[in-house]
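A short worksheet on the structure shown next.
The values are calculated or read from the model by the stated rules, or taken from the named source; none is laboratory data. Nothing here was measured: the structure is a model prediction, and the numbers come from that model. Reconstructed Cβ throughout: ideal geometry from the backbone, glycine too, with neighbour counts over all protein chains shown. In case anyone asks, the SASA skips ligands and DNA or RNA and just uses the protein heavy atoms, side chains included. Shrake-Rupley method; radii C 1.70, N 1.55, O 1.52, S 1.80 Å.
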Amino acid sequence: MARPEKTDPIPVCLDADVLIAGLLSRTGASHAILVLGEIGLLHLVLPEAAVEEVRRNLSAKLPEAVPLFEEFLRAVRVTIHRPTLRDRDRARELADPKDVPILAAAIGSGARLLVTHNVRHFRSGEGVRVVRPRTLIEEARAWMGSFG
């Protein structure tokens, strides 16, 4: 049996809401995305602003989960991306003002997808498609199914 060719992990940028949902639940599309990142099928790009938001929200609302997030950051290969001013300018017309840093990180990192539960806060553009977690998982299933 021929061994399948290795493909590079697909870079996807995650909003804070996907990180929190994926960390706190062992079911659902957000958790599945974190698992796909852990096993190397996805390259998880985390906007610096999203990492700060997760830390802030967990510290305020669920402090016992902060160590879980920190362990995730140590155990899973992720890129934490700080967008440039140019990236922010490119994102400005495509996101709610408070969400510009999230989309700017996706643009600047070269991620093809921004995964968020808040799709209404963003518009696709600048090479980044905005999708819900479930959409990414459905597309990943179809992609993996194509291997036969």
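Annotations for the structure displayed:
- Screening Leu19, Leu46, Leu36 for residues that are touching a strand residue (DSSP E or B) at 6+ places or on another chain (Cβ under 6 Å), open to solvent by less than 10 Å² (accessible area, probe 1.4 Å) and touching a residue at least 24 places away in the same chain (Cβ under 8 Å) leaves exactly one candidate, Leu46.
- Residues that are in contact with a Lys or Arg (Cβ under 9 Å, 6 or more places away or on another chain) and open to solvent by 40 Å² or more (accessible area, probe 1.4 Å) within the range 59-72 comprise just one, Glu70.
- Residue within the range 68-82 that is of a type in the set (Ser, Thr, Tyr), touching a Ser or Thr at 6+ places or on another chain (Cβ under 7 Å) and either under 28 Å from Glu126 (Cβ atoms) or not in a helix (DSSP H, G or I) (or both) present: yes
- Of the candidates Ala75, Ala104, the single residue that is crowded, with 19+ Cβ neighbours inside 10 Å and of a type in the set (Gly, Ala, Ser) is Ala104.
- Test: residue in the range 85-92 that is closer than 26 Å to Asp8 by Cβ, part of a strand (DSSP E or B) and either acidic (Asp, Glu) or open to solvent by 70 Å² or more (accessible area, probe 1.4 Å) (or both): no
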